[in-house]
Amino acid sequence: MLPSNVPEFDTARPPVRPRKERGPIGGIIVTVVLALALIAIIAVAVTRLSSGGPSRPTAATAPGQATVAAAQSTAAAGAPADAATQQAIQQVIQQVNDAQVQAVHSNDPSVMQATATQQFYQEQVSNNQDLVDNGVTDVKLVNIEWGPITVSGDTASATDFETWSTTFQDGTTEQSRDRNVYTLVRDNGTWKVSADDHPDQQAANQTGGPPPAP
């Protein structure tokens, strides 16, 4: 487009020389060629408009997106722990349980600090106090059945089924089996428990089932 401030053309122009007449056949050929070229240009323009321009790679074909999604899924689920890591995590969970038994028996919660994060330690102290307030005088870990253990970086998840024996002030004893899902973090090369969830008990409470044993 020409800008609006372009000066007008000079009115004085050199005389136009007469053009040589072309033969009728040559004129027809030129006309046909121009018409075909015009049709081809219009067809290309219509094709591009209807297709909406060049297609972009979709989520399925875009390079790298599938790899990133797979990596995120693996990080969320974790990878199975190797034999040495699995043994170390099982040992920490066993120590956490033994420390709880000792803490209830001696009324000294400090023995639970070594294998737990600070936040989880405070939760353990509160849980033990609830047991004592409900008349529990002794607890004992009867059995552990190990489930899957996965690791993702410095975080691990371990599932087990624990059978506990609980003794009350009146001398009665109850036994319960519960699924535990532990979350552990690696602190300076040492695994520590940061959470312990009981999904089966939580599901029973939400559906109005019987209250879980202490």
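The values are calculated or read from the model by the stated rules, or taken from the named source; none is laboratory data. These numbers were taken from a predicted model, which means no experiment stands behind them. Cβ sites come from the backbone with ideal geometry, for glycine too, and all protein chains shown count toward neighbours.
Restricting to segment 150-174, name every residue that is over 37 Å from the mean Cα position of the chain (by Cα) and either assigned to a strand (DSSP E or B) or aliphatic (A, V, I, L, M) (or both).
Step one: filter segment 150-174 for residues over 37 Å from the mean Cα position of the chain (by Cα), giving 165-174.
Listed by number, the residues that qualify are Ser165, Thr166, Thr167, Phe168, Thr173, Glu174.
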Subset tally (residues that are free of Cβ contacts under 8 Å to residues at least 40 places away in the same chain, surrounded by fewer than 15 Cβ atoms within 10 Å (Cβ to Cβ) and of a type outside the set (D, E, K, R)) for segment 128-151: 7
Counted residues, segment 151-178 - those being within 17 Å of Asp98 (Cα to Cα) and among the charged types (D, E, K, R): 4
Residues of segment 64-103 classified as at pLDDT below 95 and part of a helix (DSSP H, G or I), total: 13
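Specify which of the listed residues (Ala99, Ala114, Ala156) is crowded, with 16+ Cβ neighbours inside 10 Å, under 11 Å from Lys192 (Cα atoms) and of a type in the set (A, V, I, L, M).
Values: Ala99 fails: under 11 Å from Lys192 (Cα atoms); Ala114 fails: crowded, with 16+ Cβ neighbours inside 10 Å.
Answer to the check: Ala156.
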